[in-house]
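Worksheet: one structure, shown below.
The values are calculated or read from the model by the stated rules, or taken from the named source; none is laboratory data. Worth saying up front: this structure is predicted, and the values here are computed from it rather than measured. Cβ coordinates were reconstructed from backbone atoms using ideal geometry, including for glycine residues, and neighbour counts include every protein chain displayed.
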Protein chains: 2
Amino acid sequence: MARPRSFDERAVLRTARDQFWATGYAGTKIDDIAAATGLGKGSLYGAFGDKHALFLRVYDDYCTEAEEATRRRLEGPDETAYQRLREHVIAIAEDTAADTDRRGCLIAKSTAECAQHDEAIAARSQRAFRELHDQLTGCIAAAQRAGDIADGHDPARLASLLLAVNRGIEALGKGGSSPAELHAIAETALAVLPKP
Amino acid sequence: MARPRSFDERAVLRTARDQFWATGYAGTKIDDIAAATGLGKGSLYGAFGDKHALFLRVYDDYCTEAEEATRRRLEGPDETAYQRLREHVIAIAEDTAADTDRRGCLIAKSTAECAQHDEAIAARSQRAFRELHDQLTGCIAAAQRAGDIADGHDPARLASLLLAVNRGIEALGKGGSSPAELHAIAETALAVLPKP
DNA sequence: GCGGTTCTGGACGAGATAGTCAAGAATGGG
DNA sequence: CCCATTCTTGACTATCTCGTCCAGAACCGC
């Protein structure tokens with residue numbers, strides 16, 4: 001019926017994501033994305049709309065992936081909930097430490113750059129944070145049921161604290177903190193959680 | 001001898017800072033700053049050099065002010081060290097919550113945007129974080145001497161944790177978390193600090 | 001294959017943007 | 001009061017950047 005797309009949409013979105021990730025929203029030129037993907041600008045605009053729509057698409061995909069990855073890490077039986085929680089927090093420190101390019105987390109970067117004046121980005125960020133918070137809350141509640149974290153502490157509050165620690169690890173990693181320091185933060189945060 | 005400056009350098013730097021704060025480094029145009037300050041571009045370039053040099057100047061001043069403000073809040077006698085620590089952490093949550101424009105902290109914003117590819121910004125951010133960390137360490141050690149925080153915990157590690165929490169509160173505030181939630185994070189972080 | 005339809009590539013236009021420059025203004029030591 | 005010196009203004013250049021547009025290419029139902 002008509003000429004089909006000659007590119008893989010997901011691959012193009014990944015490449016665009018890497019560009020935005022590397023240089024931020026304002027710092028990324030559509031021509032950069034066109035060059036990196038090999039697509040002409042006509043194709044880009046035809047497929048994804050303008051720069052803002054493309055960024056929103058990239059950002060939404062990234063948030064969704066981050067949410068799903070966290071859910072996979074945190075969901076499971078009560079018996080191993082604390083272990084999963086522990087591994088999750090440590091994994092964040094290690095991922096941040098291993099990120100030699102210092103790209104950090106795209107959510108952190110985009111929120112810092114755009115949330116202030118871009119309602120759509122702000123809303124998506126808020127949803128992502130809420131989602132991460134809810135997953136942490138569930139995992140903490142499970143660990144409480146299993147007797148690995150003291151009862152009598154609101155799991156949602158502990159989740160907020162851990163979420164803040166996670167975002168803080170992210171921020172400090174971007175600021176150049178050493179892997180050892182990031183790891184120590186994760187360990188300290190886990191150590192101060194109330195034990196039964 | 002020669003024509004004197006007709007503008008107040010500090011006022012111009014404050015205005016430039018507000019511009020960079022509002023729209024980020026890449027998103028700020030020199031013409032915006034010229035318009036906001038009322039200066040011609042020639043004066044700006046003559047007084048501060050190019051855009052990057054101006055930003056660096058603004059950023060360095062901001063970091064220095066933040067470091068000094070924190071030092072003023074945290075320094076003092078051992079007896080009231082815990083109280084100062086407590087007020088500091090809560091003040092961060094309240095400042096973040098009260099920031100209705102969602103500008104957040106310029107250090108967080110600039111680090112997220114620039115540290116990745118701008119060595120000078122990265123270095124200044126790292127210095128600022130180290131400074132804040134050292135101040136927290138000193139205050140925690142004082143609180144330990146006064147018997148308000150359990151001995152036997154490395155104050156530097158607790159400081160890292162609190163710094164991460166502070167940066168996390170910042171990040172979540174930018175993401176749209178409610179004042180109540182930010183406040184709860186601060187309270188929870190203080191509550192889990194090891195008591196003697 | 002034919003023709004309608006969608007995709008591709010890149011030239012193009014309009015406007016933005018960093019930084020320069022020159023002509024004139026303000027100052028104060030001599 | 002004059003002149004060397006520094007500051008100011010904003011026009012100007014050269015480049016960049018977004019988004020459009022169109023001529024041609026590729027496809028597939030008929």
Subject >> The one condition in (1) assigned to a helix (DSSP H, G or I); (2) touching a residue at least 12 places away in the same chain (Cβ under 8 Å) that residue A:150 fails to fulfil >> reply: (1)
**OP:** Inspect region B:91-111 for any residue being hydrophobic (A, V, I, L, M, F, W, C) and touching a Pro at 6+ places or on another chain (Cβ under 7 Å) and give the result as yes or no.
**Re:** yes
**OP:** Could you name every one of the helices (runs of 4 or more DSSP H) located completely within region B:1-101 that has at least 1 residues being in contact with a His (Cβ under 9 Å, 6 or more places away or on another chain), modelled with pLDDT of 95 or more and away from DNA strand C (no atom under 16 Å from the Cβ)?
**Re:** B:51-74, B:81-98
Original post:
Any residue at all in region B:53-64 that is within 16 Å of DNA strand D (Cβ to nearest atom) and over 21 Å from residue B:130 (Cβ atoms)?
Top reply: yes
Subject >> Members of region A:104-121 that are surrounded by fewer than 16 Cβ atoms within 10 Å (Cβ to Cβ) and facing another protein chain (nearest Cβ under 8 Å) >> reply: A:117
Subject >> Looking only at region A:33-47, and only at residues there that are near DNA strand D (Cβ under 10 Å from one of its atoms) and surrounded by 16 or more Cβ atoms within 10 Å (Cβ to Cβ), the one that is farthest from the other protein chains (Cβ to nearest Cβ) >> reply: A:43
Original post:
Inside region A:168-181, can you point out the residues that are surrounded by fewer than 24 Cβ atoms within 10 Å (Cβ to Cβ), of a type outside the set (S, T, N, Q) and more than 7 Å from chain B (Cβ to nearest Cβ)?
Top reply: A:179, A:180
**OP:** Mind listing just one residue for me: the one in region A:122-156 that is of a type in the set (Asp, Glu) and modelled with pLDDT of 95 or more and, of those, surrounded by the fewest Cβ atoms within 10 Å (Cβ to Cβ)?
**Re:** A:154
Subject >> Residue satisfying condition, being closer than 30 Å to residue B:178 by Cβ, of a type in the set (Lys, Arg) and surrounded by 15 or more Cβ atoms within 10 Å (Cβ to Cβ), within set B:17, B:72 >> reply: B:17
Original post:
Does residue B:86 meet the test of being more than 12 Å from chain A (Cβ to nearest Cβ), farther than 22 Å from residue B:17 by Cα and out of contact with any strand residue (DSSP E or B) (no Cβ under 7 Å at 6 or more places or on another chain)?
Top reply: yes
Original post:
Restricting attention to region A:128-145, does a residue exist that is outside any helix (DSSP H, G or I), touching a residue at least 24 places away in the same chain (Cβ under 8 Å) and of a type outside the set (D, E, K, R)?
Top reply: no
**OP:** Kindly establish whether residue B:190 is in a helix (DSSP H, G or I) and crowded, with 24+ Cβ neighbours inside 10 Å.
**Re:** no
Original post:
touching a residue at least 24 places away in the same chain (Cβ under 8 Å), more than 7 Å from chain A (Cβ to nearest Cβ), outside any loop (DSSP other than H, G, I, E, B) and in contact with a Phe, Trp or Tyr (Cβ under 8 Å, 6 or more places away or on another chain): does that describe residue B:159?
Top reply: no
**OP:** Check residue A:89 against each of (1) surrounded by fewer than 16 Cβ atoms within 10 Å (Cβ to Cβ); (2) under 24 Å from residue A:189 (Cα atoms) and name the one condition it does not meet.
**Re:** (1)
Subject >> region B:19-44 residues that are under 14 Å from residue B:107 (Cα atoms), paired with ones that are among the aliphatic types (A, V, I, L, M) and part of a loop (DSSP other than H, G, I, E, B) (beta carbon under 7 Å, 6 or more apart) >> reply: none
